[in-house]
Structure formats: C-alpha cells, structure tokens
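The values are calculated or read from the model by the stated rules, or taken from the named source; none is laboratory data. As the structure is a prediction and not an experimental result, all values here were calculated from the model. Every residue, glycine as well, gets a Cβ built from its backbone with ideal geometry; the counts of neighbours run over all protein chains shown. Surface areas here come from the heavy atoms of the whole protein model, side chains and all, with no ligands, DNA or RNA. Shrake-Rupley method; radii C 1.70, N 1.55, O 1.52, S 1.80 Å.
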Amino acid sequence: MDPDDHVCLCYRVSLRKLRAYMNHEDPKVASQLSQCFDAGTGCQWCVPFLKKLHEQHLEGKTPDLPISPEEYATRRKSYRQSGQRDEEAERGE
Ligand code: FES
C-alpha cells in the first residue's frame, strides 16, 4: 500500500494517518488504533489489518501492508457480502 491508501475504508483512514498516530501515541494494544479517526469501528473488515500494522510498529518496523488498494477493496466487498473473511484476511494479510 502507498501511504495515502486507506486501510479503514469505512472512515477513510490512510496508512499515513495510522503511522503518524502510532509514532505519536505509541499505542500498547491494537484496539487503541480506533482512536485514530475511528479506524476499525465500522464494518470491522480492517481490524486484522490494523492488528498486523500494530504488530509491525511494536517490532520497530515501518507498518505496511503488501496488498494493492484495489485487491484490498475487492476482498472487503466480498467480506461485506458474505460476512466472512478469507483465511489471509484473518491474519491481516
Ligand atoms: S474498513 Fe475499517 S471498519 Fe470498515
């Protein structure tokens, strides 16, 4: 993903905003990312991805998701239609 791509599509929260939030606030648990423009509090699709980004932050890495925004949006659409995440999405991948 590019920094301006949205991780939380419900609330249009970009990877850049999430990185800045983590750098400034250093959240101890992933659920604190909801304080960043309500990320993860809508359809919940992005929650495993937020957890993955938070893990990377705790490991001292630059948080990133190796997925195109198009594929991400397509998979979220499928999730919203079926109510089920694919196995990769369960892992935030
Ligand atoms: S995509 Fe983040 S809550 Fe829906």
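For the reader, a short list of remarks on this structure follows.
- Hits in segment 40-57 - residues which are surrounded by fewer than 16 Cβ atoms within 10 Å (Cβ to Cβ) and more than 12 Å from the ligand (Cβ to nearest atom): E55
- Restricting attention to segment 38-56, the residues that are in contact with a Pro (Cβ under 9 Å, 6 or more places away or on another chain) and not aliphatic (A, V, I, L, M) add up to 4.
- Count of segment 40-57 residues, restricted to those that are in a loop (DSSP other than H, G, I, E, B) and either at positive phi or of a type outside the set (F, W, Y) (or both), is 6.
- The C-beta contact set for segment 3-21 (first residue small (G, A, S), second residue away from the ligand (no atom under 14 Å from the Cβ), distance under 9 angstrom, 6+ apart or interchain) comprises S14/D2; S14/P3; S14/D4.
- For segment 4-28, a tally of residues being open to solvent by 40 Å² or more (accessible area, probe 1.4 Å) and touching a strand residue (DSSP E or B) at 6+ places or on another chain (Cβ under 8 Å) returns 3.
- Which numbered condition R80 misses (of (1) in contact with an Asp or Glu (Cβ under 9 Å, 6 or more places away or on another chain); (2) open to solvent by 60 Å² or more (accessible area, probe 1.4 Å); (3) within 15 Å of the ligand (Cβ to nearest atom)): (1)
- Test: residue in segment 25-39 that is more than 16 Å from the ligand (Cβ to nearest atom), in a helix (DSSP H, G or I) and either at positive phi or touching a residue at least 24 places away in the same chain (Cβ under 8 Å) (or both): no
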